[in-house]
Amino acid sequence: MRIFILSICMALCTLPASAGAATIEMDVSGLVCAFCAQGIEKKLRAFAATSDTVVSLEKKLVAVATKDGQDISDDELRNALTKAGYTVKAIRRENESLDEVRQRLKAPPR
C-alpha cells in the first residue's frame, strides 16, 4: 500500500505546474498608454480565476492566464474591458503559457 501511495505522489509531483491552466488572448483596440495597461491588468486580476496577465500596447494584445481548473467566460472578459472603455476585437484560447506569450511578444518580427 505504501508503494502505491508513493507512486501516486511521485506521479502528481511530476505533472507540469500549468496542467489544466489556460491562456486567453484578446485583441483589444483603444490601448494607448501604460495607464491603459495598468487599468486592464487591475480589471482582469479582479477575477478569482486570474493567475497572471500581460498587456502589449504595441501589439494591442491582452493575455490572461487562468488558475488550474478555472475559467473566465468570453462574455465576462468582453464586458469588463468594454465597461473600461476598450473594444475587444477577438478572443482566443491558447495552449501556450503566459511566459511563451511574453517571449513571442518580445521576438523581433520576421
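So here's what we get for this one:
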item: Residues LEU105 and THR82, FRET efficiency given R0 of 22 Å [Cβ-Cβ distance, rounded to 0.05]; result: 0.40
item: Computed E for ALA90/VAL32 - FRET, C-beta separation, R0 22 angstrom, nearest 0.05; result: 0.70
item: Computed Kirkwood radius, in angstrom, where 1/r is averaged over Cα pairs of the stretch 20-106; result: 12.7
item: Above-threshold pairs, the threshold being 19 Å between Cα atoms, out of LYS67/LYS89; LYS83/LYS106; LYS59/LYS106; LYS42/LYS106; result: LYS67/LYS89; LYS83/LYS106; LYS42/LYS106
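Coordinate-derived values only; no laboratory data. All values derive from a computational prediction rather than experimental measurement. Because the Cβ atoms are built from the backbone with ideal geometry, glycine has one as well, and the counts that use them run over all protein chains shown.
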